[in-house]
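The values are calculated or read from the model by the stated rules, or taken from the named source; none is laboratory data. Predicted model only: the values in this text are computed from it and were never measured. Here the Cβ is made from the backbone with ideal geometry for all residues, glycine too, and neighbour counts use every protein chain on show. All accessible areas refer to the heavy atoms of the entire protein, side chains included, with ligands and DNA or RNA removed. Shrake-Rupley method; radii C 1.70, N 1.55, O 1.52, S 1.80 Å.
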Amino acid sequence: MIVRINKLAAMMAIFATAATQAQDAGRIQAGSFDIIPTFDSSLSYIDNITRTTDDDENINSWKATFSPRIVLGTQVNSNPINLGYRIERGEYLTSTDDDYTDHFLSANGEFELNSRHAIDVSALYEDGHEERGTGLSIGSGEDITSPDTYKSSLIEADYIYGSLTSAGLLTFSASRNTLDYDREEEAYLIRDRFTNKLGAEFSYSISPSTNIVVDVAKSFVRYDYQPVDDTIRNSDVTRILLGATWESTAATTGFAKVGYQEKDFESSERDNFYGTDWEVGVDWQPIEYTTVRLSTSADTRETNGEGDLIRSRDYGVSWNHDWYDYLSTNVGVTTIDNTYILNDDTITEREDDFTIYTMSASYQARRWLSVSFFYEYSELSSNRDTLGYDRNNIGVSFEVTL
């Protein structure tokens, strides 16, 4: 739940690019639609299902997932439109309480009105779950009997003004993100919310390979329910970033933006937040078949428990190498530092540090079959005694296309 918006964006990107990825995999033509089915599955062993501390007994289990997906692609006046549906079933051999079934619906379209005007729209609906020990149950995964489930949606629209040959490009954006837990206990009701966001980004070319970027956004966070004895969590967030995008050489591309964020709470009993935000991403390709990716960001997020907000800083590095056309490997490490901001000087602010190490090897066994072996080690350290865990996840996954 901490990264709900990012997760939604990632899922949307998966659906939006599925048609392109399946170009060589085959498709079924039905009138004006191309039907692109895929099937993903995996088998893995996890040694700490509920993410409990080292002092508690861990639940270990084999896990199998099955995830068919279908994408319908078409064009309207040469404008691409994609519709998608994916279902994921997860089953645990020795921990059936953690079994789940998630559903995802998506739609996206790109409409070029003329050489200077374009509109991109997208939507995603998720009927999903939070694994025990994450989200609202972090630190107490063993205390609940099943994963928490929720409904979430994200609707986005961008209006782009400018052409490929113009020095400047202006993008106006609007989005609405909703989150509703299925449980009716007050601890869950007070986390149901929606976020409306308006933004604008101006990009100006100062050289053939470098653009200056100004990014301004205003978000309105509103909670559906607040008990009378609790202070309202509604807030308005203003974010202004200045930076650049570049492709300085054939081997290096990236972006870097830094700026200011202000989070104003509706309640005077909560302290407003003022701080520095940034977004940085760099791809370095020293040779054609290897890529090193560096990324970091700083932002505020809605709290999943104590505090008024979460001040988050993320750092990541990964290395992808194509050994052959059919074999590639990837290794990476990500750290997430979360500070739960409080307005009470008598209480020490909570500090959570997540670290995730990943390794994978992908083998294109056939045109229609891809096999991946993966390993993930994750750990949480915190200044709260009831938090902290380490977790291993190792397995194999398969992707089957036409």
Legend entry - Probe 1.4 Å, accessible area per residue of segment 298-338, Å²: 44 Å²
Inset, instruction - If a/c stays under 1.5 just call it rounded; otherwise compare a/b with b/c (prolate if a/b is bigger, oblate if not). Do that for segment 128-188, with a ≥ b ≥ c from the square roots of the Cα gyration tensor eigenvalues. - result: prolate
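What percent do you get for the relative contact order of segment 71-183 when only Cα pairs under 8 Å and 6+ apart count? Write out the running numbers ahead of the final one.
Numbers: 240 pairs, mean separation 22.1, N = 113.
Worked out over segment 71-183, it gives 20 percent.
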Inset, instruction - Please state the charge dipole magnitude for segment 309-373, taken about the Cα centre, from unit charges on C-beta atoms (+1 on K and R, -1 on D and E), reported in debye and rounded to the nearest 20. - result: 580 debye
Legend entry - Pair-distance profile P(r), taking every C-alpha pair of segment 244-395, with 10 angstrom steps and integer %: 10, 27, 29, 21, 11, 3, 0
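Could you tell me what % of all Cα pairs in segment 39-150 have separations over 17 Å? Write out the running numbers ahead of the final one.
Values: 4027 of 6216 pairs.
So the portion of pairs separated by more than 17 Å is 65 percent.
Taking only protein heavy atoms into account and a 1.4 Å probe, give the accessible area per residue of segment 31-171 in Å². Before the final figure, lay out each step's value.
On the way: 6770 Å² over 141 residues.
Spelled out: the 1.4 Å probe surface of segment 31-171, per residue, equals 48 Å².
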Legend entry - Length-normalised contact order for the chain - Cα pairs under 8 Å, 6+ apart - percent: 12 percent
Legend entry - Among 200-207, 59-66, the order from most to least packed when residues are scored by Cβ within 10 Å on average: 59-66, 200-207
Inset, instruction - Kindly write out, for segment 110-127 in residue order, the coupling ³J(HN,Hα) from the Karplus curve 6.51 cos²θ - 1.76 cosθ + 1.60 (θ = phi - 60°), rounded to whole Hz, with x marking Gly and Pro. - result: 10, 10, 8, 6, 7, 5, 10, 10, 8, 10, 10, 10, 7, 8, 9, 10, 10, 9
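On the protein heavy atoms, probe 1.4 angstrom, tell me the percent of accessible surface of the chain carried by carbon and sulfur. It would help to have the intermediate numbers written out before the result.
Working: 11610 of 20650 Å².
Accessible surface attributable to carbon and sulfur in the chain totals 56 percent.
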Legend entry - Max mean-square fluctuation residue, GNM over the chain, Cα-Cα springs under 10 Å, options Thr346, Thr178, Thr74: Thr346
Inset, instruction - Give a residue-ordered list of calculated ³J(HN,Hα) values for segment 310-320 (Karplus: 6.51 cos²θ - 1.76 cosθ + 1.60, θ = phi - 60°; whole Hz; x for Gly, Pro). - result: 10, 8, 10, 10, 10, 9, x, 9, 9, 10, 10
Inset, instruction - Rounded to whole Hz and in sequence order, give me ³J(HN,Hα) for segment 86-101 from the Karplus expression 6.51 cos²θ - 1.76 cosθ + 1.60, θ = phi - 60°, writing x for Gly and Pro. - result: 9, 10, 10, 10, x, 10, 10, 5, 10, 9, 5, 4, 8, 4, 8, 9
